[in-house]
Amino acid sequence: MTPQLDQQKKQRMKGVLLYLAAYLTVFFLLERRHVVPYILHTSFDNLIPFCSAFIIPYISWYAYVAITVLFFTLFVDSESEFSRLATTFFIGNTLFLFISFVFPNGHLLRPTLTGHDPLTQLVRLLYSIDTSTNILPSMHVFNAVACCIAIHHNETLRRKPYIATCSNILTVLIVLSTMFLKQHTVLDVLLALILNCICYSFIYKSNHFDQLLKTGFKTKRFKRKRLN
């Protein structure tokens, strides 16, 4: 690794940590606001049963996202690949904070937990830590899908099909877990997936993002003209 590349990755890590600190600060402030949330509910939510087994993929999301972000931050040399994932995360998570601020929301889908088996106990712990407010769109869904897309577009991981397959399976299970654990409504999940499609179309499938990388995201240097 060249000194220039090493410095570049240090700058990436600083940016990731700064945004994470800012995001968590705003998120916790929003969680502690005393407002009456708009209750989200659809008829499809009534058709989905509660299943405590989905706590496993749900909590695996934290490791999945953390490992993916660290990999693209510290071990991927391509600035384009890192910028695509970072920009996707920035757009989705920042928009989520904005929506939570202007449109407080929540749901009343959580069942009364009566079991004492390990899985139910984990769900009970989750419920005590994570409230059922500020859920639109689901960041559990959005960030998981964003990681899956980035993995599929990485040149190194693309040559290892088992990694992409495991990523696909885990992402699908995470998406399902948000509904089967009654953490999110169908509407939260659908809006997150729509947001994923929009970000994917602009950041991965069009040439506009590459142009922004070359111009808009970099400081232009102007040379002074020498007077003759």
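The values are calculated or read from the model by the stated rules, or taken from the named source; none is laboratory data. Because the structure is predicted, anything quoted here is derived from the model rather than measured. Glycine gets a Cβ as well: all are built from the backbone with ideal geometry, and neighbour counts include every protein chain shown. The accessibility values were calculated without ligands, DNA or RNA, using every heavy atom of the protein model including side chains. Shrake-Rupley method; radii C 1.70, N 1.55, O 1.52, S 1.80 Å.
So, in the range 30-44, exactly how many residues are within 24 Å of the chain's Cα centre (by Cα) and in a loop (DSSP other than H, G, I, E, B)?
6
If you go through the range 45-53 one residue at a time, do you hit one that is within 16 Å of the chain's Cα centre (by Cα), in a helix (DSSP H, G or I) and in contact (Cβ under 8 Å) with a residue 60 or more places away in the chain? Quick ask: steps written out before the conclusion?
Step one: filter the range 45-53 for residues within 16 Å of the chain's Cα centre (by Cα), giving none.
Within the range 45-53, none of the residues are within 16 Å of the chain's Cα centre (by Cα), in a helix (DSSP H, G or I) and in contact (Cβ under 8 Å) with a residue 60 or more places away in the chain.
Take the residues in the range 127-170 that are polar (S, T, N, Q) and in a helix (DSSP H, G or I), then tell me which one is farthest from Ile39 (Cα to Cα).
Our first condition is that a residue be polar (S, T, N, Q); within the range 127-170, this holds for 128, 131-134, 138, 143, 154, 156, 165, 167-168.
Still in the list and also in a helix (DSSP H, G or I): 128, 143, 156, 165, 167-168.
Numbers: Ser128: 19, Asn143: 23, Thr156: 44, Thr165: 36, Ser167: 32, Asn168: 31 Å.
Checked the range 127-170; the qualifying residue farthest from Ile39 (Cα to Cα) is Thr156.
Starting from residues that are open to solvent by 60 Å² or more (accessible area, probe 1.4 Å) and touching a residue at least 40 places away in the same chain (Cβ under 8 Å), keep the ones in the range 140-175 and report whichever is nearest to Tyr200 (Cα to Cα).
Filtering the range 140-175 for residues that are open to solvent by 60 Å² or more (accessible area, probe 1.4 Å) and touching a residue at least 40 places away in the same chain (Cβ under 8 Å), the one nearest to Tyr200 (Cα to Cα) comes out as His153.
Check whether at least one residue in the range 128-150 is touching a strand residue (DSSP E or B) at 6+ places or on another chain (Cβ under 9 Å) and under 30 Å from Ser80 (Cα atoms), and report yes or no.
Step one: list which residues in the range 128-150 are touching a strand residue (DSSP E or B) at 6+ places or on another chain (Cβ under 9 Å), which gives 131-136.
Cutting the leftovers down to under 30 Å from Ser80 (Cα atoms) gives us 136.
Among the residues of the range 128-150, at least one is touching a strand residue (DSSP E or B) at 6+ places or on another chain (Cβ under 9 Å) and under 30 Å from Ser80 (Cα atoms), which makes the answer yes.
Just one of Arg110, Arg124 is among the charged types (D, E, K, R), surrounded by 13 or more Cβ atoms within 10 Å (Cβ to Cβ) and assigned to a loop (DSSP other than H, G, I, E, B); which is it? Explain how you work it out, then say what you get.
On the way: Arg124 fails: assigned to a loop (DSSP other than H, G, I, E, B).
Going through Arg110, Arg124 in turn, the sole match is Arg110.
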